[in-house]
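Written out below as structure tokens is the structure these notes cover.
The values are calculated or read from the model by the stated rules, or taken from the named source; none is laboratory data. None of these values were measured; they are calculated from a predicted model. So basically every Cβ, Gly included, is an ideal-geometry build from the backbone, and we count neighbours across all protein chains shown. Quick note on the areas: whole protein, heavy atoms, side chains included, nothing else; ligands and nucleic acids left out. Shrake-Rupley method; radii C 1.70, N 1.55, O 1.52, S 1.80 Å.
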Amino acid sequence: MIRLENIKKIYHMGETDVHALDGVSLHIKPHEFVAIIGPSGSGKSTLMNMIGCLDVPTDGECWIDGVAVSKMRDNQLADLRNRKIGFIFQQYNLLSKLSAIENVELPLIYRGLSQAERTELAKEALKRVGLLDKINHKPSELSGGQQQRVSIARALSSKPSIILADEPTGALDSKSGIEIMQMLHELHSEGNTVVLITHDLNIAKQAERIVTIKDGLIVSDTENKNDRNEASL
């Protein structure tokens, strides 16, 4: 499903080269639930960008479903993201002037679907997250937890096989955070591959596998034996 081999990412900051990733290899099998954990500056956000095809490596190779991505053009990467990966972000990334259903429809526009097809899929996704009665609400009219559920609906609307969640509970209260994690577990139980980026060990412990990154290197990769119900936010 996801395969990274000896990934290096170097950012040129004036006269200084910053090695955000320094030879990372990682394999994520189909239907796994993997947490990638590390402190600020560890390289986990850069690693997320590689997995999500939001950036390409300076050296090394990344494969998504057997397709090498480093030589892809920008439009090819955008198409791969649109078809394969659903993104859930800490800050929701909703457009403030659009309603919930319009936000959810956005990735479907890029796929060239008709208005009727987009509306049907968007309503299906919003129903899935319990917000069918909020389809015409703007983000400012929704709570933080509801906004995050809209972002989950947006991620689900194109029916991706990979869910990439970047600190999805970071901006939420504990109750809303628990609800969002329950949704991620449901998505995983339905056969989706879930990759969760976090700095919070209690969140990471809810995954099947915990990958720890530090200073641009993976320092541990272990199966998590704890029952997810024993972990708390």
Lone unmet requirement of (1) over 15 Å from Asn93 (Cβ atoms); (2) in contact with a Phe, Trp or Tyr (Cβ under 6 Å, 6 or more places away or on another chain) for Leu164: (1)
Criterion (of a type in the set (A, V, I, L, M) and outside any loop (DSSP other than H, G, I, E, B)) met by exactly one of Leu54, Leu98, Leu94, Leu47: Leu47
Any chance Gln90 is more than 19 Å from Gln182 (Cβ to Cβ) and surrounded by fewer than 22 Cβ atoms within 10 Å (Cβ to Cβ): no
Test: residue in the range 134-154 that is in contact with a Gly (Cβ under 9 Å, 6 or more places away or on another chain), under 19 Å from Val34 (Cβ atoms) and buried (at least 21 other Cβ atoms within 10 Å of the Cβ): yes
Any chance Glu105 is assigned to a helix (DSSP H, G or I), touching a helix residue (DSSP H, G or I) at 6+ places or on another chain (Cβ under 8 Å) and either more than 24 Å from Ser40 (Cβ to Cβ) or among the aliphatic types (A, V, I, L, M) (or both): yes
Lys44 vs. criteria touching a Pro at 6+ places or on another chain (Cβ under 8 Å), surrounded by 14 or more Cβ atoms within 10 Å (Cβ to Cβ) and either more than 19 Å from Thr169 (Cα to Cα) or of a type in the set (D, E, K, R) (or both): no
Those residues of the range 167-178 which are in contact with a Ser or Thr (Cβ under 9 Å, 6 or more places away or on another chain) and assigned to a helix (DSSP H, G or I), in sequence order: Ser174, Ser176, Gly177, Ile178
Set Ala165, Ala171: member being open to solvent by 30 Å² or more (accessible area, probe 1.4 Å) and either among the aliphatic types (A, V, I, L, M) or farther than 21 Å from Gly38 by Cα (or both): Ala171
Inter-residue pairs, beta-carbon under 6 Å, first closer than 12 Å to Ser25 by Cβ and in the range 54-67, second buried (at least 18 other Cβ atoms within 10 Å of the Cβ) and basic (Lys, Arg), 6+ apart: Pro57/Lys9
Lys71 being open to solvent by 40 Å² or more (accessible area, probe 1.4 Å), more than 25 Å from Arg209 (Cα to Cα) and modelled with pLDDT under 90: yes
Residues that are out of contact with any helix residue (DSSP H, G or I) (no Cβ under 7 Å at 6 or more places or on another chain) and either open to solvent by 30 Å² or more (accessible area, probe 1.4 Å) or assigned to a loop (DSSP other than H, G, I, E, B) (or both), drawn from the range 179-191: Gln182, Glu186, His188, Ser189, Glu190, Gly191
Failed condition for Ala125, given (1) open to solvent by less than 80 Å² (accessible area, probe 1.4 Å); (2) in a loop (DSSP other than H, G, I, E, B): (2)
Options Val150, Val194: the member that is in contact with a helix residue (DSSP H, G or I) (Cβ under 6 Å, 6 or more places away or on another chain), part of a helix (DSSP H, G or I) and among the β-branched types (Val, Ile, Thr): Val150
Within the range 91-113, tally of residues that are hydroxyl-bearing (Ser, Thr, Tyr) and in contact with a Pro (Cβ under 8 Å, 6 or more places away or on another chain): 2
Residue that is nearest to Arg149 (Cα to Cα), among those in the range 206-229 that are assigned to a loop (DSSP other than H, G, I, E, B) and open to solvent by 70 Å² or more (accessible area, probe 1.4 Å): Glu208
